[in-house]
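The values are calculated or read from the model by the stated rules, or taken from the named source; none is laboratory data. Model, not experiment: these values are computed from the prediction. Note that each Cβ is placed from the backbone with ideal geometry, even for glycine, and that neighbours are counted across all protein chains shown. Remember, those area values only see protein heavy atoms, side chains included, never the ligands or the DNA or RNA. Shrake-Rupley method; radii C 1.70, N 1.55, O 1.52, S 1.80 Å.
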Amino acid sequence: MSFELLDLAATHGAEHVAFAADEETGLRAIVAIHSTVLGPGLGGTRFYPFASEHDALVDVLRLAKGMTYKHAACGNDLGGAKAVIIGDPRTIRTDELIRAYGRLIDRLGGRYLTAEDVGTTQADMDLIRTVTPYVTGVSESLGGSGDPSPATAWGVYHALKAVAERLWGSATLEGRHVAISGIGKVGSALARHLAAAGCELTLADVRRDVAAALADELGARTIDPDAIHQVECDVLSPCALGATINEVSIPALRCAAVCGCANNQLATEADGERLAAAGVLYAPDYVVNAGGVINIADELGSDGYHRDRAWKRVATIHDTVLRIFAIADEQGITPAAAADHLAEQRLAAKSHA
Ligand code: NAD
């Protein structure tokens with residue numbers, strides 16, 4: 001396997017970028033470690049048919065930086081990192097390739113800890129565990145924390161309580177109308193929590209049968225996925241794709257707040273300003289959806305993973321979201337900018353300690 005460890009600090013803001021190519025298995029991978037100021041870099045491995053190595057590099061650097069902010073804001077003692085395997089997992093994935101990838105991670109000596117992401121599975125993490133200890137999110141039977149989605153949904157639920165507290169003076173969600181776009185692993189678990197809390201729900205998914213079945217179960221309404229942004233409701237919860245909050249959707253919004261698990265909900269930075277100008281409160285996505293990484297971080301303690309302890313910490317997303325709204329007020333900035341500020345403050349405090 002060819003292996004190159006580059007120091008790109010001057011050009012990309014990342015501490016290290018490792019490129020690997022393995023002729024035997026066809027593995028082509030890039031690991032980007034953006035920051036280890038708070039601890040080893042932890043972030044998932046995306047297995048995706050990028051059009052070029054350049055595209056893969058741009059994506060992995062952007063995602064690694066995002067992980068630095070996510071860990072910092074939620075209080076994890078972890079750094080930001082991400083990895084990509086270039087290629088279509090449906091055609092090139094073999095156990096040998098995944099093991100070769102695991103050996104690459106092992107060579108990084110613990111400065112990068114991997115996890116599941118788009119295109120990789122828990123089974124891949126279990127296989128990686130056979131060649132390196134530097135992997136998280138392995139099966140519960142192997143002492144891991146398993147699927148992060150339930151913890152992510154638990155975190156979004158607590159972020160919604162913070163939104164309610166901020167807007168209506170009480171964390172109770174009973175009687176509030178939440179419109180959820182994307183009834184996948186996180187969206188469906190969130191819908192169940194909200195139904196149990198007495199919320200009115202409107203559900204939308206491109207898999208209409210999935211949304212209809214859950215709506216039947218929970219006594220909710222469904223709506224066309226293209227119309228969810230226009231639903232008159234208390235909170236819109238984007239739980240599908242990114243960039244759905246943009247200059248087209250914002251003028252159509254009829255909600256008091258946006259709070260969901262999807263990554264990169266704002267199409268551009270300016271959309272944070274647009275939301276604020278439209279009087280819509282935004283709970284920053286990477287803070288709201290940190291439940292999964294908080295849960296995984298619990299695996300790394302000396303006594304291993306404890307679900308109750310992990311979920312208690314996930315619930316602190318409520319306090320973090322309220323803190324971010326307070327910073328936004330104090331500094332006259334948007335909640336999205338306030339989340340970055342909180343993360344940067346924590347990084348600066350550790351750098352100067
Ligand atoms: P998922 O694939 O299980 O669910 C996504 C759902 O969105 C699917 O049901 C899909 O049919 C639906 N969908 C796709 N396009 C849609 C559209 N245009 N309108 C409405 N619905 C649409 O994914 P997930 O694990 O639930 O994650 C959802 C989002 O949250 C993703 O953006 C993901 O990156 C982010 N996220 C997930 C986790 C986690 O722990 N799973 C953690 C952090 C962030």
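Under 12 Å from the Cβ of Cys239, count the other residues' Cβ atoms, weight Lys and Arg +1, Asp and Glu -1, and hand me the total. Could you put the intermediate results ahead of the total?
Values: positive: Lys185; negative: Asp205, Asp285.
Value of the local net charge: -1.
Could you compute Rg(Cα) / (2.2 N^0.38 Å) for the chain, with N its residue count?
Working: Rg = 20.1 Å, N = 353, 2.2 N^0.38 = 20.4 Å.
Normalised Rg, Cα atoms only: 0.98.
In the stretch 1-153, how does Rg compare with the Kirkwood Rh, expressed as the Rg/Rh ratio over alpha carbon atoms? Numbers along the way, then the final one.
Numbers: Rg = 14.3 Å, Rh = 15.2 Å.
Taking Rh as the inverse mean 1/r over Cα pairs, Rg/Rh reads 0.94.
So for the chain, taking the charge dipole from beta-carbon charges (+1 Lys/Arg, -1 Asp/Glu), which of Ile30, Gly279, Gln331 sits furthest toward the positive end?
The residue sitting most towards the positive pole is Gln331.
How would His193, His306, His352 rank on accessible area, largest to smallest, probe 1.4 Å?
Working: His193 50, His306 80, His352 150 Å².
Per-residue accessible area, sorted high to low, gives His352, His306, His193.
Can you list the residues of the stretch 304-324 with backbone N under 19 Å from a point 7 Å past the Cα of Ala171, pointing along Cα to Cβ?
308-324, by backbone N distance to the label point.
Counting only other residues whose beta carbon sits under 11 Å from that of Arg103, what net charge do I get with K and R as +1, D and E as -1? Write out the running numbers ahead of the final one.
Values: positive: Arg99, Arg107; negative: Asp22, Glu96, Asp106.
With Lys, Arg at +1 and Asp, Glu at -1, the net is -1.
Once ligands and nucleic acids are excluded and a 1.4 Å probe is used, how much of Leu127 is accessible, expressed in Å² to the nearest 10?
Surface open to solvent at Leu127 totals about 30 Å².
Once you charge only the Cβ atoms, +1 for Lys and Arg and -1 for Asp and Glu, what is the size of the charge dipole of the chain about its Cα centre, to the nearest 20 debye?
500 debye
Check Glu200: other-chain or 5+ apart residues with amide H under 5 Å from its amide H, H built from backbone geometry?
Residues meeting the criterion, in which the H sits 1.01 Å from N, are Gly175, Arg176, His177, Val178.
Quick one: accessible area per residue over the chain, 1.4 Å probe, rounded to a whole number of Å²? Can you show the working numbers first?
Details: 15060 Å² over 353 residues.
For the chain, the solvent-accessible area averages 43 Å² per residue.
Reachable aspartates and glutamates from Lys312, Cα under 15 Å, same-chain residues fewer than 8 places away excluded?
Asp298, Glu299
Taking each pair of different alpha-carbon atoms in the stretch 106-251 once, compute 1/r for the pair, average those values, and report the inverse of that mean as the Kirkwood hydrodynamic radius in Å to one decimal. Kindly include the intermediate steps, with their values, before the conclusion.
Working: mean 1/r = 0.0586 Å⁻¹.
About 17.1 Å, per the Kirkwood formula over Cα pairs.
Probe radius 1.4 Å, ligands and nucleic acids ignored: give me the carbon and sulfur share of the accessible area of the stretch 132-252 as a rounded percent. Don't skip to the answer; put the middle values down first.
On the way: 2570 of 5120 Å².
Answer for the stretch 132-252 is 50 percent, counting heavy atoms of protein chains only.
Accessible area of Lys161, 1.4 Å probe, to the nearest 10 Å²?
50 Å²
Taking Rh as the Kirkwood radius computed over C-alpha pairs, what is the Stokes-Einstein D of the stretch 48-117 at 10 °C in a medium of viscosity 1.306 mPa s, expressed in µm² per second?
Details: Rh = 13.4 Å.
Taking Rh from Cα pairs, D becomes 119 µm²/s.
Given the C-alpha atoms of the stretch 231-283, compute the convex hull and give its volume per residue in Å³. Show your work: numbers first, answer last.
Working: hull volume 3.5 nm³, N = 53.
Taking the convex hull of the Cα positions in the stretch 231-283, it is 66 Å³ per residue.
At what distance in nm do the modelled label points of Ser351 and Leu300 sit from each other, each positioned 7 Å from its Cα along Cα→Cβ?
With each label placed 7 Å out from Cα toward Cβ, I get 1.9 nm.
From the square roots a ≥ b ≥ c of the eigenvalues of the alpha-carbon gyration tensor of the stretch 274-353, which class results: rounded (a/c under 1.5), prolate (a/b over b/c), or oblate? All intermediate terms of the calculation are to be shown ahead of the outcome.
Numbers: a/c = 3.08, a/b = 1.67, b/c = 1.85.
Oblate is the answer for the stretch 274-353, as a/c is 1.5 or above yet b/c matches or exceeds a/b.
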